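Participant: Please read through the structure below; I'll follow up with questions.
Taken together, the values in this text are just the output of simple stated rules run on the coordinates, not laboratory data. Note that the coordinates shown come from a computational prediction; the quantities given were computed from them, not determined experimentally. We place every Cβ from the backbone using ideal geometry, glycine too, and count neighbours over all the protein chains shown.
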Amino acid sequence: MAVKIRLTRLGKKKQPTYRVIVADERSPRDGRFIDELGFYDPTQEPSVVKIDTDKAKDWIAKGAKPTDTVAKLLKIAGLE
């Protein structure tokens with residue numbers, strides 16, 4: 001099973017917020033997930049990024065691959 005760290009969308013129309021989740025890469029964007037690591041709110045100024053870096057490190061050590069967007073958010077959160 002290939003596991004990805006990616007975003008899932010929440011919020012109303014034109015007011016998105018995102019959760020950072022760990023999911024099987026075959027599951028749909030807003031479908032089933034394995035674990036929740038944090039959230040990202042781009043609508044506030046400045047953007048809010050809160051990610052549990054310890055959980056993220058554990059999942060990356062287990063072989064989960066972050067998407068490009070999540071990799072940038074992890075860098076902002078202080079992981080890499």
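Participant: Which whole-Hz couplings ³J(HN,Hα) result when phi for each residue of the stretch 24-33 is put into the Karplus expression 6.51 cos²θ - 1.76 cosθ + 1.60, θ = phi - 60°, listed in order with x for Gly and Pro?
Facilitator: Whole-Hz 3J(HN,Hα) from phi for the stretch 24-33: 5, 5, 7, 6, x, 3, 9, x, 5, 9.
Participant: About the Cα centre of the stretch 3-77, what is the dipole size in debye to 20, counting +1 per Lys and Arg Cβ and -1 per Asp and Glu Cβ, all else neutral?
Facilitator: Rounded to the nearest 20 debye, it is 280 debye.
Participant: If you don't mind, there's one more thing I want to ask. Would you please give the FRET efficiency between THR53 and MET1, computed as 1/(1 + (r/R0)^6) with r the Cβ-Cβ distance and R0 = 25 Å, to the nearest 0.05?
Facilitator: Once rounded, the FRET efficiency stands at 0.60.
Participant: Oh, and also: Can you give the longest run of the chain that contains no trypsin sites (Lys or Arg not before Pro) sitting in a DSSP loop with at most 13 other Cβ atoms inside 10 Å?
Facilitator: For trypsin sites (Lys or Arg not before Pro) (loop position, at most 13 other Cβ atoms within 10 Å), the longest site-free span of the chain is 33-61.
Participant: Here's something else I'd like to know. Using 7 Å Cα-to-Cβ label points, what is the ILE60/ASP24 separation (nm, one decimal)?
Facilitator: 2.6 nm
Participant: Counting Lys +1, Arg +1, Asp -1, Glu -1, what net charge surrounds ALA2 among other residues with beta carbon under 10 Å of its beta carbon?
Facilitator: +1
Participant: Using Cα-Cα distances under 8 Å and only pairs 6 or more residues apart, what relative contact order does the stretch 3-77 have, in percent?
Facilitator: Relative contact order for the stretch 3-77 comes out at 30 percent.
Participant: Same structure again: Restricted to Cα positions, what overall size does the stretch 3-77 have along the principal axes? Three whole-Å values, descending.
Facilitator: Sorted largest first, the three principal extents are 34, 25, 17 Å.
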